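Following: one structure in structure tokens, then a few remarks.
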Amino acid sequence: MRVMAQMAMVMNLDKCIGCHTCSVTCKQTWTNRSGVEYVWFNNVETRPGQGYPRTYEDQERWLGGWTRTRRGRLTLRSGGRLRKLLTIFSNPKLPSIQDYYEPWTYDYDILTTAPLQEHTPVARPRSLITGEHTKIEWSANWDDNLAGAPELATRDPLIKGIEDKVRFEFEQTFMFYLPRICEHCLNPSCAASCPSGAIYKRTEDGIVLVDQDRCRGWRMCVSGCPYKKVYFNHRTGKAEKCTFCFPRVEVGLPTVCAETCVGRLRYIGLVLYDADKVLAAASVAEEHDLLEAQRQVFLDPQDPDVVRAAEQTGIPRDWIEAAQRSPIHALINTYRVALPLHPEYRTMPMVWYIPPLSPVVDVIRDTGHDAEDHGNLFAAIDALRIPVEYLARLFTAGDPEPVNSVLRKLAAMRSYMRDINLGREPREEIAAGAGMTGEQVYDMYRLLALAKYEDRYVIPPAHAEQAHGLEELATECSLDYDGGPGMGGSGPFGESSGGVSPIAVENFRMLRDRQSSDTMAAPDEKAHRVNLLNWDGKGRPEGLFPPRRQP
Amino acid sequence: MTALQILLWVALPYVAMAVFVVGHIWRYRYDKFGWTTRSSQLYENRLLRLGSPLFHFGILFVVLGHIGGVLIPKSWTEAAGISESVYHALAVTLGVIAGAMTLAGAAILVYRRRTVGPVFSATTRNDKAMYVLLVGTIVLGLGTTVLGNLTDHPHDYRETVSPWFRSIFYFQPKPELMAQAPLGFQLHVLSAWALAAFWPFSRLVHVFSAPVGYLTRPYIVYRSRDAHLGTRSPQRGWERTT
Ligand code: SF4
Ligand code: SF4
């Protein structure tokens, strides 16, 4: 047993309202630069739908992820190492910018500089790739809320073979949102595809990162990731991907997407897993067994043997305690309601999802029945093949059984809690119908519906003593780093050259104090420098303006 | 030996080599982030799919050919029983095939750079200079080979250019050998030195990150978190001690 810790996320899809706040805040934080205009580390897709980039799930076309050879070994679907090197001069499976979309801006200055004229001036769209005027034909969310559904959504790779059963007529279809970030896989095929070895998995918390100094722009990771969550910065010529907001996570703060999520549907925590079992679990023969195999890789953090082994491998005490309180472990292994996205890609994704019950609830409500009655819900889950089959293609490699079981638990929770809320006697048989006890249902309800910030995000800071040091030292100039100041500038070889801009400009703990404090004024502790990048608009912190001149 | 000969065939090579080596070291230390292929495949794929492999595989063969013709002394191949005529026939055929591949690939790529809008606007002045030097060198080399063989007496560069080139590396340069070579070879060589001196400052540095290590390394790379948190190195006196 080789215990390792992994920072993981669970999203409860029933609560996602598709507001894209997470995407926008993530973009503002990480990808509001030139070269990555089309890059969405976090994106929210309407399902059924093609996703972003278009039809990325069609692995027969994109050849992402792993496959199992006949001899039972894992290989990259797009070919082995030699093949990768031979196709390095032109990656045959790289999505083109049209598979994402051509980013654009508008001629805004026309609006203010146009001469007086009869008609209102119009800001025409201009492509950020060519610099020419352009016609906007696609974007990251062109098919949001099933827009253009009969034509566009039928190209969803997941409804291949059931097209005739999935109806896209108004009031007959089902729909839900799927927010996606990089999965920070246990067996990342992006890292395996990288010829330079620039993509690495951090031993401490399992976050998968691209070393910008080592990336040489071979683009193999982009096609290697089955989720298409590595993007190519076309200005710097380097790959970029979701960082799990590591500078925040290191000081115990949740990622930006989770922090700003309107539905409060994201959970972040640690899981402990057995690194020796990963490869075997990723290569089990039957695709339907992958889910169970992945669950088996996780270790029970309460088990004294596991704790001892974890301590031996140097996992700090507070991390083990955090793993014991982890909402992720509870949702995946205790309540077993979270499922991985596309386990059949065999990368062992570490962002799991609680599938939505809403497609089922909607159908019952539309037919005029009581959508909170467990009998109706259970019957509908069994009868409504299509949402279940679709969810199964998304989360369990097509096996409806685990999806059914999760939906029954969610349905049971719904009915069971209604009785409690209406002051009626809770009925144990409802819980039993989903294979749980009433107490378990109640605990699950607390975690899914009531969980506070501290319960949703159980993130141990990287090294408490160091994080504190950072806090004390945040008085330095933030450009004061090796090779600086490099912000915004570019070196003699164009956009890409020269020093790197710092990503964590300030220390985040201070921000948290400010966010949770009631005062509008600046906290009057130690003197600190004002940084506009994370100034939240509260009050007028000292140093924001130059001192008043004394008359 | 004139001063000009010394300048061209002794001083220039050493200067170019020094710039090449020091330049690379400097670039690697100063600008690791800019060390990339800067691929433009995202913008355009149809032409690239054709041109890029053609060019790159072509130039790999050209490099192999130069190793065979320039670095390996004539006496060695003769000792191995390869007569001058056999060697020559082989070198010319393979050389012309590889050269034509390279040139065709380069032509497609240059055409693509010029005509595809996004690719053109992503082309820096540095890139343009690099293209001139690179394509110029290839054209001069290929032209000399082809023209030389159209006339009846192709020049045996293994008596002049190759020993001169090797002599530079023994630090006993023999400029008089190079001075005897035909003009085509001289121009090709001069252009090649210019390219070498420009190399470390262009995107050509990506040649030195050819990822051969990929064949043997484990698939998944694990790395420990940097010793410091965030992106700043710790202040002096605050480094982690354990
Ligand atoms: S989801 Fe993330 S970690 Fe997994 S293969 Fe893709 S980029 Fe790599
Ligand atoms: S912010 Fe939350 S609710 Fe809104 S789209 Fe993102 S995940 Fe869904």
Report task. Please report the buried accessible area for the interface of A with B, total over both chains, probe 1.4 Å, in Å² to the nearest 100. Result -> 6000 Å²
Query - Ranking by accessible area, most exposed first, for A:Phe168, B:Phe201, B:Phe61 with a 1.4 Å probe - result: B:Phe61, B:Phe201, A:Phe168
Report summary line: Debye calc, one equal point scatterer per Cα of the range A:263-456, no solvent, log10 I(q)/I(0) at q = 0.17 1/Å comes to -1.18
Report task. Could you work out the mean projected area of the convex hull around the alpha carbons of the range A:194-261, in square nanometres to one decimal? Result -> 5.4 nm²
Report task. Could you pull the accessible area for B:Tyr30 with a 1.4 Å probe, rounded to 10 Å²? Result -> 100 Å²
Report summary line: All alpha-carbon distances of the range B:98-138, grouped into 10 Å bins from 0, give the whole-percent distribution 28, 55, 17, 0
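Near B:Val135, within a Cβ-to-Cβ distance under 14 Å, what is the net charge of the other residues, with Lys and Arg +1 and Asp and Glu -1? Mind showing how you got there, number by number?
On the way: positive: B:Arg112, B:Arg113, B:Arg114, B:Lys128; negative: B:Asp127.
Overall, the nearby charge balance is +3.
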Report task. Using a 1.4 angstrom probe on the protein heavy atoms only, line up A:Ile199, B:Ile6, B:Ile25 by accessible area, largest first. Result -> B:Ile25, B:Ile6, A:Ile199
**Report entry** B:Lys128 accessible area, 1.4 Å probe, all protein chains in place, Å² to nearest 10
**Finding:** 100 Å²
Query raised in the report: How far apart, in nm, are the 7 Å Cα→Cβ label points at B:Phe120 and B:Ile25?
Result: 4.2 nm
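Within the accessible area of the range B:3-215, what % is carbon and sulfur when the probe is 1.4 Å and the other protein chains stay in place? Mind showing how you got there, number by number?
Numbers: 8100 of 10860 Å².
Percent of accessible area from carbon and sulfur atoms in the range B:3-215: 75.
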Query raised in the report: Counting only protein chains, not ligands or nucleic acids, how are A:His119, A:His288 ordered by accessible area (probe 1.4 Å), most first?
Result: A:His119, A:His288
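Mean residue ellipticity at 222 nm from the helices of chain B, using -39,500 (n - 2.57) per DSSP H segment of n ≥ 4 over the full residue count, to the nearest 500 deg cm²/dmol?
Numbers: 10 runs with 144 residues, N = 242.
Taking each H run of at least 4 residues, the total per residue is -19500 deg cm²/dmol.
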**Report entry** the range A:263-456: relative contact order as a whole-number percent, Cα under 8 Å and 6+ apart
**Finding:** 18 percent
Query raised in the report: For the range B:3-215, max minus min Cα coordinate along each principal axis, in Å, sorted largest first?
Result: 50, 38, 35
Query raised in the report: In the range B:168-211, which residues give up 10 Å² or more of accessible area once the other protein chains are added, compared with their chain alone (1.4 Å probe)?
Result: B:Phe201, B:His206, B:Ser209, B:Pro211
Report summary line: Ignoring ligands and nucleic acids, A:Phe378 exposes an accessible area, probe 1.4 Å, in Å² to the nearest 10, of 20 Å²
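Which pairs in the list A:Lys15/A:Lys201; B:Lys128/B:Lys174; A:Lys27/A:Lys238 are over 25 Å apart, alpha-carbon to alpha-carbon?
The answer is A:Lys15/A:Lys201; B:Lys128/B:Lys174.
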Report summary line: Computed ³J(HN,Hα) along the range A:130-145: with the Karplus parameters 6.51/-1.76/1.60, θ = phi - 60°, integer Hz and x for glycine or proline, the list is 9, x, 8, 5, 9, 10, 6, 10, 7, 8, 5, 9, 4, 9, 4, 6
Query raised in the report: Check A:Trp104: other-chain or 5+ apart residues with amide H under 5 Å from its amide H, H built from backbone geometry?
Result: A:Leu128
Query raised in the report: Using the Cβ atoms and a cut-off under 12 Å, what net charge is assigned to the surroundings of B:Ala107, where Lys and Arg are +1 and Asp and Glu are -1?
Result: +3
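The values are calculated or read from the model by the stated rules, or taken from the named source; none is laboratory data. Only a predicted model underlies this, so the values are computations on that prediction, with no experimental measurement involved. Cβ: placed from backbone, ideal geometry, glycine included. Neighbour counts: every protein chain shown. Accessible surface areas use protein heavy atoms only, side chains included; no ligands, DNA or RNA. Shrake-Rupley method; radii C 1.70, N 1.55, O 1.52, S 1.80 Å.
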